[in-house]
Amino acid sequence: MKPNHKIMDIIELHEVDSTNNYCKRHMDEMHSGDVVYTLNQTAGKGTGGKTWLTKPGECLAFSIVLKQTTIEDSTLLPLLWGFVVSSALKEIVDCEIKIKWPNDVLANNRKMCGILCESSCMGGKIDTVCGIGINISQSQKRFEEQSLPNAASIYSVTGKNFEVKQVLPQIIHCWNYWYPQYLKSGLAPFKGDYLRDCVNIGKQVRVIQDSKEVVGIALGIADNGNLICEIDGKHVNIHHGEASIRGLWGYV
Ligand code: BTN
């Protein structure tokens with residue numbers, strides 16, 4: 001029987017290298033559903049070995065520990081988290097919020113949130129740490145200085161400064177609503193809404209794998225979370241750990 005994984009303890013850290021690394025280091029003492037958050041992450045990690053670097057106070061970085069997860073979870077949890085964060089942000093940020101497959105959350109077509117789910121297997125048991133970074137207070141100028149023209153923060157799109165106390169509880173509320181449904185029925189309960197909000201569906205995409213690039217059309221999502229693309233007249237399932245996608249002319 002799986003633990004119920006509802007949010008358990010919420011731990012605030014003044015400063016930490018990476019909330020994902022903190023959870024991994026403290027896995028033995030942590031329970032499934034525990035959340036760790038900080039506004040001062042000093043060595044944040046991004047997908048594909050990249051960094052996620054922010055100044056103190058700029059970004060809400062948090063991670064949740066999920067114990068006894070499955071191989072299927074490692075492909076679906078990123079989609080679920082992308083969906084949960086986008087649903088929560090829709091409630092508090094007054095702009096267009098979309099998802100770029102598998103889990104980037106976009107505000108007005110720029111990336112406001114990045115997600116890194118990491119699973120580790122010990123003695124046949126898989127534990128997963130889902131790490132979420134939400135840009136809060138950077139200005140567009142700051143992103144340009146960092147050579148991140150496709151990034152957005154809550155401040156850069158709304159002109160308002162939101163506090164963690166407004167953002168994190170909304171996300172936890174959405175998680176507590178959707179996660180039990182995911183545990184029961186997988187992708188099915190949120191697939192329709194995810195597809196509606198996914199910017200890639202029905203569009204041409206560049207699929208980038210091992211520095212090779214092919215162009216296709218994103219048709220839908222398979223039940224395991226893979227992106228189904230039509231490439232050279234054939235349906236191909238793209239796994240997010242193996243390939244990334246971009247729009248034909250840019251980021252989306
Ligand atoms: C991406 O590259 O889009 C994923 C970025 C993930 C950043 C978050 S911030 C909280 C958690 N801790 C990390 O070190 N990374 C993730």
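Quick note: the coordinates plus some simple rules give every number you see, no bench work behind them. In this text, all values refer to a predicted model and were calculated from it rather than measured experimentally. With ideal geometry, Cβ positions are generated from the backbone for all residues, glycine too; neighbour counts draw on all protein chains shown.
Listed values, structure above:
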{"item": "Selection from Gly216, Val236, Gly247 lying farthest towards where the dipole of the range 200-252 points positive, charges on Cβ", "result": "Gly247"}
{"item": "Built amide H within the under 5 Å cut-off of Asp17, gap 5+", "result": "Thr42"}
{"item": "Interatomic Cα distance distribution for the range 110-215, bins of 10 angstrom, percent", "result": "11, 26, 38, 23, 3"}
{"item": "Helix-only [θ]222 nm of the chain, DSSP H runs n ≥ 4, -39500 (n - 2.57) each, per residue, nearest 500", "result": "-9000 deg cm²/dmol"}
{"item": "Rounded to whole Hz, the Karplus (6.51, -1.76, 1.60) HN-Hα couplings of the range 130-144, x for glycine and proline", "result": "9, x, 10, x, 10, 5, 9, 10, 5, 8, 4, 4, 4, 5, 5"}
{"item": "Relative contact order of the chain, pairs being alpha-carbon contacts under 8 Å that are 6 or more residues apart, as %", "result": "16 percent"}
{"item": "Bins of 10 Å from zero: percent of alpha-carbon pairs in the range 199-252", "result": "28, 62, 10"}
{"item": "Gained length - Ser185 relative to Asp232, 0.36 nm times residue gap less alpha-carbon distance", "result": "13.6 nm"}
{"item": "Nearest-0.05 FRET efficiency for Gln146 and Asn108, computed from C-beta distance (R0 22 Å)", "result": "0.75"}
{"item": "The range 71-154 - Rg over Rh from alpha carbon coordinates, Kirkwood radius", "result": "1.06"}
{"item": "Value of relative contact order over the range 1-83, rounded to a whole percent, pairs C-alpha under 8 Å and six or more apart", "result": "31 percent"}
{"item": "Radius of gyration and Dmax over the Cα atoms of the range 141-192, both given in Å", "result": "16.3, 45"}
{"item": "Where only alpha carbons of the range 1-108 are counted, the Rg and the Dmax (Å)", "result": "14.5, 41"}
{"item": "Per-residue HN-Hα couplings for the range 64-72 [Karplus 6.51, -1.76, 1.60; θ = phi - 60°; Hz; x = Gly/Pro]", "result": "10, 8, 10, 9, 6, 8, 10, 4, 4"}
{"item": "Hull-based mean projected area of the chain, where the convex hull spans the alpha carbons, in square nanometres", "result": "13.2 nm²"}
{"item": "nm² value of the averaged projected area, convex hull over the Cα atoms of the range 159-222", "result": "7.4 nm²"}
